[in-house]
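Please treat every number below as a calculation from the coordinates, not as lab data. None of these values were measured; they are calculated from a predicted model. We place every Cβ from the backbone using ideal geometry, glycine too, and count neighbours over all the protein chains shown.
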């Protein structure tokens, strides 16, 4: 009795488990080496579309059912008969249509009833197609009986090759992958779950890695992700298709790092300059404390200011911090920023006698800070950046410094 269709399908695929923790098996076609999830119906459909079989005169086609034999009886397994079917002209003990072999003729189902098991390769109609490489079959043992048989080399488990994505978007995290698919069981008897993409409605076998790869190639998902990029929601954006539209760039965050208080001497007006009134202010000293240390501000620092006609003031200062360590470390600080706000408010802020009565929320005292030191204990400060927000209190400036992460 010949094989059934399902047996023929299973014989054309090698089963394996891609990962040890995979619950579902994968299969690899022995003709075109394509890897897919184990599913008999889809494996059967694949064989009808397999590139290794497509175009062969005897290959099964999806739109052309197998032709019945002249006696009106078709193949029992749903595939066309062997090339040496009932119309072959070869004759022999087995009658017309028999396939000659060294041990006798084969029956129409590909089995030699007269050969021993070691001499009889199990053949299928797919294996008897012309111009196909024969499947390896076990041969009779050779050599003296006492010679130990050499073990066959183990073949590594084939792993699916991941396709390289053409999208510049980063791979979505696991939670986003799960949220993008709806799980369901296609049939009650199915052991493995199926999933459906909520963006393009495509259905596939549940596999996290392949689901993530699908999202990187799903046009609808990519369009939604591009719209979620803040730069693409600005008044003016990059042209459609430009790589800059698909880049998800991490946004920096601010974290309070330290607070500083600096006492100043009365300002010295240098006079009008090209950009405005120039003023020179020297530092008496001060103190600071934060997450990575504390100490004092050494005397001798200075702040050079340019005051415009509307009292907006440009600030540029440099001074030295000293830590409480033993021995202490010395850190050079450079700041640059602006004091902005309404003109009447700023006139009060720059007046040391009236600054105490001004609400800090009514103006903006904003500076950026950088530090430099050769002390190995604090070299990490050399590459950091800070944004400072301050206020004036008489002859003193107090501000918080936020580290840019």
So how much slack lies between residue 7 and residue 231, counting 0.36 nm per residue of separation and subtracting their Cα-Cα distance, in nm?
-> 75.0 nm
Order by protection proxy (mean Cβ within 10 Å, highest first), peptides 309-319, 286-296 = 309-319, 286-296
Could you work out how far the C-alpha centroid of the range 379-393 sits from that of the range 259-305, in angstrom?
-> 14 Å
Return the whole-Å distance between the Cα centroid of the range 178-215 and the Cα centroid of the range 22-43.
-> 16 Å
Give the peptides 230-240, 214-224 in descending order of average Cβ contacts within 10 Å, highest first.
-> 214-224, 230-240
